[in-house]
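Heads up: the structure comes next, in structure tokens.
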Amino acid sequence: PSDINAVAVQGNGSSLQVRQGAGVITVGVAGRGLKNISSATLGIFSGTVVTNNDKAASLTFTIPSGAEVGPQTLTLETPLGVVEKEEAITISKITVSNTGDDPTGKGTPDKPFKTMNFAVSQAGSGDTVRLLNGTYHEASGEVFPFTFPSGVALTLEGESETRTVI
């Protein structure tokens, strides 16, 4: 039978988190019986098989703005049957922390952006930008007055009412 031993998101190091609106991601899969995958899904998202052999596959998926957050099951259909990996990848809200990094962050809880200005510029309609506890002000890199992108309906939320300060 087919099985999945490991999953990795290209360019994400060991992280299996991707943010809403991440766009096209490449997912590497290791296992056995992976030759001739006929379909690949990540939650509700259909994927494309880039390469595969008996022990490995490379797949692409598009994670749109407004994607439902939470763990996603990876499902592969092979000539040997259907194989699933529950909680293979987690889609997160676009995450910001004043200890994060705008140029190298991924906007995920484990690799957050630094400023809400940058996070909002990466957001699309239906996304949620989540500010982790901290103070967001000019000294931390924020630019005021703050402007939301025209035509983009998104949610801005704080981790807590008392410890997330703008």
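The values are calculated or read from the model by the stated rules, or taken from the named source; none is laboratory data. This one's a predicted model, so the numbers in the text were calculated from it and none came from an experiment. Ideal geometry is used to build each Cβ from the backbone, glycine not excepted, and the neighbour counts take in all protein chains shown. Accessible surface is based on the protein model in full, side chains and every heavy atom, while ligands, DNA and RNA are left aside. Shrake-Rupley method; radii C 1.70, N 1.55, O 1.52, S 1.80 Å.
A few points about this structure:
- Criterion (among the charged types (D, E, K, R) and in a strand (DSSP E or B)) met by exactly one of GLU86, GLU142: GLU86
- Filter pass, GLY28 being farther than 24 Å from GLY141 by Cβ, open to solvent by 20 Å² or more (accessible area, probe 1.4 Å) and outside any strand (DSSP E or B): no
- From the list VAL143, VAL96, the lone residue that is among the hydrophobic types (A, V, I, L, M, F, W, C) and closer than 23 Å to PRO64 by Cα is VAL96.
Every residue, every condition in (1) in contact with a Cys (Cβ under 6 Å, 6 or more places away or on another chain); (2) among the charged types (D, E, K, R); (3) over 20 Å from ASP127 (Cβ atoms), yes or no:
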{"residue": "ALA22", "(1), (2), (3)": "no, no, no"}
{"residue": "VAL29", "(1), (2), (3)": "no, no, yes"}
{"residue": "ARG32", "(1), (2), (3)": "no, yes, yes"}
{"residue": "ILE44", "(1), (2), (3)": "no, no, no"}
{"residue": "ASN52", "(1), (2), (3)": "no, no, yes"}
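- Any hit, segment 71-84, residues being touching a residue at least 60 places away in the same chain (Cβ under 8 Å) and either under 19 Å from ASN12 (Cβ atoms) or under 16 Å from the mean Cα position of the chain (by Cα) (or both): yes
- Verdict on SER14 being of a type in the set (Ser, Thr, Tyr) and either over 23 Å from VAL120 (Cα atoms) or open to solvent by 80 Å² or more (accessible area, probe 1.4 Å) (or both): yes
- Scanning segment 46-65 for residues that are surrounded by fewer than 18 Cβ atoms within 10 Å (Cβ to Cβ) and without any contact (Cβ under 8 Å) to a residue 24 or more places away in the chain gives SER46, THR48, VAL49, THR51, ASN53, ASP54.
- Unique residue being closer than 16 Å to GLN20 by Cα and open to solvent by 60 Å² or more (accessible area, probe 1.4 Å) when the list is LYS106, LYS114, LYS85: LYS106
- One residue stands out among those in segment 31-45 that are part of a strand (DSSP E or B) and open to solvent by less than 60 Å² (accessible area, probe 1.4 Å): the one that is nearest to PRO1 (Cα to Cα), which is GLY31.
- Condition check for ALA119: in a helix (DSSP H, G or I) and farther than 30 Å from PRO1 by Cβ: yes
- Subset of segment 145-164 [assigned to a loop (DSSP other than H, G, I, E, B) and among the hydrophobic types (A, V, I, L, M, F, W, C)]: PHE146, PHE148, VAL152, ALA153, LEU154
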